[in-house]
1. With the requirement that a residue be in contact with a Phe, Trp or Tyr (Cβ under 7 Å, 6 or more places away or on another chain) and in a loop (DSSP other than H, G, I, E, B), what does region 98-123 give you?
2. Among the candidates Y152, Y192, single out the residue that is crowded, with 19+ Cβ neighbours inside 10 Å, in contact with an Asp or Glu (Cβ under 9 Å, 6 or more places away or on another chain) and outside the structural domain of F538 (by TED's automatic domain parsing).
3. Just give me the residues in region 219-235 being modelled with pLDDT of 90 or more and crowded, with 21+ Cβ neighbours inside 10 Å, in sequence order.
4. Within the bounds of region 403-424, is there any residue that is crowded, with 21+ Cβ neighbours inside 10 Å and within 29 Å of S82 (Cα to Cα)?
5. For region 307-364, give me the residue count where each residue is under 27 Å from V389 (Cβ atoms) and not in a loop (DSSP other than H, G, I, E, B).
6. Filter region 4-31 for residues that are over 21 Å from D428 (Cβ atoms), modelled with pLDDT of 50 or more and assigned to a loop (DSSP other than H, G, I, E, B) and give the result.
7. Report every pair of residues separated by at least 6 positions or lying on different chains whose Cβ atoms are under 7 Å apart, first residue within region 246-272 and more than 21 Å from Y192 (Cβ to Cβ), second of a type in the set (S, T, Y).
8. In the same structural domain as V416 (by TED's automatic domain parsing) and more than 25 Å from L423 (Cβ to Cβ): is that true of W532 in this structure?
Amino acid sequence: MIRHVTLFPIALLLVVGACGEPQPPGTALESITTDDIAEDIAVLSSDSLEGRGPASVGEDRTMAYLESQAKEIGLEPGNGTSWYQEVPLVRSTVQPGAELVVRGDGAQARFKFGDDFVAFSKRLEPSVALGSSPLVFVGYGIVAPEYGWNDYAGIDVHGKTVVVLVNDPGFATGDTTLFRGRTMTYYGRWTYKYEEAARQGADGVLIVHETEPAAYPWEVVRNSWTGPLFSLASTDDAGHAAVEGWIGLETARAIFRLAGQEYDSLKVAAQTRGFTPVPLNATASVALQSEIVRSASRNFLARLRGTDRADEYVVYMAHWDHFGMDPNREGDQIFNGAEDNATGVAGLLAMARAFRALATPPSRSILFLSVTGEEQGLLGSAFYATHPVVPLEKTVAAINMDGMNVNGPMRDVVVVGLGMSELDDYVDAAAKEQNRTVRPDQEPEKGYYFRSDHFSFAKQGVPALDPGSGQDQVEHGVAWTQARENDYRLNRYHKPSDEMLDSWDLNGMVQDLQLLFTVGYRLASSDAFPNWRKGAEFRAARDAMMLGTK
């Protein structure tokens, strides 16, 4: 087969690159081709894989494909003699038909599951209910002493259901003195909202969905939380409220009116320092019947062994899972997940081929890790990061690939979380050699750094890189790229319509993969251990981890 090769400008003839690090051989870079990438994406996003749902026939077929490709490439199993790391899961499926009933001020309202609200339980019990649970509005639901902020001050929410806003106070106001202004902190993520509500003893927690601060429309919430939901089997009941869920904006407004309150006014009040919780004159009732099935899924691990520092690893990672199939949908029932994240897994395989194309492997080993359960809350990466096959103190860095560039070559490259770690220096050097600039995430309010698998490594202290696609398309510019990304977010993200398109230009993905190969090659050819920048919230964990190695 004649393969189309696109090789972007890099000083291939130099022995040393611009940053004083070894320059990757041109043969390795040339091995990254649009033909290989397209072939892998086509297989991984095909209907035959049934949407790559964890613990499904689709998973079995995905694992078989990854194993066959790893063997063909010439990699070794990454977990001893095994290609897999078993991830114990529990699948919980809420039965349709549940209603949220809110009573207040002598009246009541009923809200429909899926359309008006979604609810679930991580308690892993077949029957969970809230019975006339008093509602309390706790603003953003944040307790952050370092920011002088406590939305739970002066109230006991045991036995109650809290209503919470999504994102941070600084998002709505743009006030840079509130948290990080428009840049979301972890306090703004829905995962934190649920964790804090449980710590406070709430029986229930309902997050108000608004498209702009959530960064996705209600359909994404409905698609993500109304089918089978997976949790790690080790989930601690005490770490979760009995009922967790989302309510739509109009549902929230209706509930507040029923309680004799005005939602928009209280939302504004919640954005000010010193806000105190507001008990609502209303109660919530909902009964959830769930089918609970214990199962297991798998992380896929393949390895290229290094030479003289083989016990140290650079990790490339991409999640293989998506949302599987929904037999209750009319029309297309398969969530193919082409861009999210067949592109990333295809990139992982392309990276493996590039490292195998080297005449001599680098000093350090490379771990190619494809994780499960990202769409369910970073489950596979969280399990790996807390049950690592390679000791974390021997893990040099993690480089994540999630939703890669399908819009063609760019003049720039985005680093989500730019400024957090010394990995930025490697990206900057490689980008300059491609005549590209490095820019930060242009939508920091959406909290992308907390939404993919690299974050599981970061939480444990391992420097983790989250590269994004560039914005300044070589032929069409910035506005064109943003329009394409907005179209994807609104019309295909987490929907059955996320399929491989003829309009894609995979040359941009080749460009990004060559850059990420250069970064990983230099890390693997070095004896340096990059760290987080001073002031980064993950630095203390890395410093403590590495202290024992000195």
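The values are calculated or read from the model by the stated rules, or taken from the named source; none is laboratory data. In this text the structure is predicted, and so the values were computed from the model without any measurement. Counting neighbours? That spans all protein chains shown, and the Cβs are built from the backbone with ideal geometry, glycine included.
1. A98, the sole residue that qualifies.
2. Testing whether each residue is crowded, with 19+ Cβ neighbours inside 10 Å, in contact with an Asp or Glu (Cβ under 9 Å, 6 or more places away or on another chain) and outside the structural domain of F538 (by TED's automatic domain parsing) leaves just Y152.
3. V221
4. yes
5. The number of residues fulfilling the criteria is 29.
6. Matches in region 4-31: P25, S31.
7. Listed pairs, sorted by first residue: R253/Y263; F256/Y263.
8. Answer is no for this residue.
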